[in-house]
Amino acid sequence: MTGARSGVPAVVCAPLAVERAALARAVRPLPVLRTGKGPARSLASAERPAVRDRPLVVAGLAGAVADGLQPGDLVIGTELRTGSSPPIPLPAAPLVAGALRRAGLPVQLGPIASTDRIVHGSARAPLAADGVLAVDMESAQLAGAAGEHPVLVLRAVVDTPRHPLLRPGTAGRGLRALANLRAAAPVLTDWQQALGARRVVLASPRSFCAGVARAIEIVERALDRYPGPVYVRRQIVHNAHVVRELEQRGARFVMELSEVPPNSWVVLAAHGVPPEVHAEAAERNLQVIDATCPLVTKVHNEVRRYAARGDTVFLIGHADHEEVVGSQGQAPDQVIVVGDVAEAESVRPADPDRVAYAMQTTLAVDEAEQIADALRARFPRLTAPARDDICYATTNRQRAIRTIAAETDLVLVVGSANSSNSLRLVEVAEREGTPAYLVEDAGEVDLRWLAGVERIGISAGASAPPHLVDELVAALAGLGPVDLHTRDVVDEHLQFSLPREVS
Ligand code: SF4
């Protein structure tokens, strides 16, 4: 075990006296050692008993080699590079960078190179071309001292390609960098408190469902197949990473069809749309590929069928959610959205004997059933859907997270804040009595949540890419050894066929 819970105290290595002075008071009770400038002094310091075999922070000033960094910016190293040895990975970097960003500090995340001499002028360019953000002359040499213990490298930029050393203003830029280094100190103590060995339990199933995988594949295939821009109305699925990754491949996201030039290809999102969106697309001569999940289409069909026979349809769900807007739009004059038990107890249909209900697919199963029970108690002739509207993916992920919540001290759910099924996973875990948080990615995990926590459960909403879970586990492993388990609760094999435009 490492760090605060292991009893092995961390140490902060500051190569220069000014760096030590900036940090010494601010990071108490962490000790700050002056380790000396340059590789030779760093290697010598790495042999000191106060530095060897313990969690290490290397903190100090650096030169930026990449464009886009400004004097004063903080760089958290994701790996350390030297000319001669394999890179040293620093997997906890996203956790620390996220904490610094939330503290309002300018921070970038990327490789740091430890060089033999100060890098000037054109020597910066090849390093930048290799993806290096900043250079120093000590971090890699000091990092070796930590052995198996976690290492964190925090550097504040003094000089950049546009602001070289020994030019007017260097002193002021140095002071700005030292001030930001000092301001980062509370995060270093949070990092120290979060260190330790852990058991991590992954819920299975988690992450992409069949409807989300299909929607993403539809956009990818449309981008490959059709010349010219491919537009997507609204977020294809409720996940910021998915949208960003598709944007990088060329997809153009719009809020409304009025933003799409006539005759263009446009993909409609997985949550479904009301009929007027299809009508508008036809008016504008748009080539539509409908990525509505087939399980949402099933709800649309139910709503239309009930409405066609004259029923009032209670749509159990959240009125402002895009899926509910689409389902309500199938029969707007006959659908009443019911958001909770209180609304179920007060709703007034035109004819209490001609009523049916349908549900949003991503609700919490237990809460939705309470609402349906309240409706059934008031309307004995209420028609229920022939098969559950809450989809298999929502149900399975809720079952899985309930299982892991019961055996862990903290649950992290990867997903976006506008993802209904991800939010419900957090609530289900909390109802099991386990603190739970929704995080977009590892960078949103607050180090303070991890202090003293030895068992962490992880799941991901149906719209969250699996690689985000892998990155979160890797980041936690950067705080100490992780004993990783997967709790398989349900096997999922469902796949949906693609629409003919992309099949
Ligand atoms: S969560 Fe369910 S309804 Fe929504 S896209 Fe996935 S499978 Fe379809």
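The values are calculated or read from the model by the stated rules, or taken from the named source; none is laboratory data. On a predicted model such as this, the values are computed, not experimentally measured, just so you know. Here the Cβ positions follow ideal geometry from the backbone for every residue, glycine too, while neighbour counts run over all protein chains shown. We work out accessible area using only protein heavy atoms, side chains counted, and drop any ligands, DNA or RNA first. Shrake-Rupley method; radii C 1.70, N 1.55, O 1.52, S 1.80 Å.
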Listed by first then second residue, the pairs whose first member lies in the stretch 389-413 and is of a type in the set (Lys, Arg), whose partner is within 16 Å of the ligand (Cβ to nearest atom) and assigned to a strand (DSSP E or B), with beta carbons under 6 Å and at least 6 positions apart or on separate chains, are none
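Residues are listed down the side, and each one gets a yes or a no for (1) open to solvent by 30 Å² or more (accessible area, probe 1.4 Å); (2) of a type outside the set (Phe, Trp, Tyr); (3) within 26 Å of Ala97 (Cβ to Cβ):
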site	(1), (2), (3)
Gly174	no, yes, yes
Pro205	no, yes, no
Asp224	yes, yes, no
Ala251	no, yes, no
Checking the structure you have, find out if any residue of the stretch 288-302 is open to solvent by 60 Å² or more (accessible area, probe 1.4 Å) and more than 14 Å from the ligand (Cβ to nearest atom). no
Going through (1) open to solvent by 70 Å² or more (accessible area, probe 1.4 Å); (2) touching a residue at least 24 places away in the same chain (Cβ under 8 Å) one by one, Ala377 fails only at (2)
The stretch 153-271: strands (runs of 3 or more DSSP E) wholly inside it with 1 or more residues that are more than 30 Å from Ala474 (Cβ to Cβ) and out of contact with any Gly (no Cβ under 9 Å at 6 or more places or on another chain) are 230-233, 252-254, 265-268
Within the stretch 329-354, residues closer than 19 Å to Ala279 by Cα and either open to solvent by 60 Å² or more (accessible area, probe 1.4 Å) or among the β-branched types (Val, Ile, Thr) (or both) come out as Pro332, Asp333
Practice problem: Kindly establish whether Ala429 is open to solvent by 10 Å² or more (accessible area, probe 1.4 Å) and either within 29 Å of Tyr357 (Cβ to Cβ) or touching a residue at least 12 places away in the same chain (Cβ under 8 Å) (or both). | Solution: no
When every residue in the stretch 207-222 that is buried (at least 19 other Cβ atoms within 10 Å of the Cβ) and not small (Gly, Ala, Ser) is compared, the one farthest from the chain's Cα centre (by Cα) is Ile218
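Just to verify a result, which residue in the stretch 184-203, among those that are more than 30 Å from Val490 (Cβ to Cβ) and open to solvent by 50 Å² or more (accessible area, probe 1.4 Å), is nearest to the ligand (Cβ to nearest atom)?
If we take residues in the stretch 184-203 being more than 30 Å from Val490 (Cβ to Cβ) and open to solvent by 50 Å² or more (accessible area, probe 1.4 Å), then Gln193 is nearest to the ligand (Cβ to nearest atom).
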Hey, any hits in the stretch 468-481 for a residue that's open to solvent by less than 80 Å² (accessible area, probe 1.4 Å) and within 16 Å of the ligand (Cβ to nearest atom)? no
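Take the residues in the stretch 461-491 that are small (Gly, Ala, Ser) and outside any helix (DSSP H, G or I), then tell me which one is farthest from Leu438 (Cα to Cα).
Gly480
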The residue that is nearest to the ligand (Cβ to nearest atom), considering only those in the stretch 333-363 that are in contact (Cβ under 8 Å) with a residue 60 or more places away in the chain and of a type in the set (Ser, Thr, Tyr), is Thr361
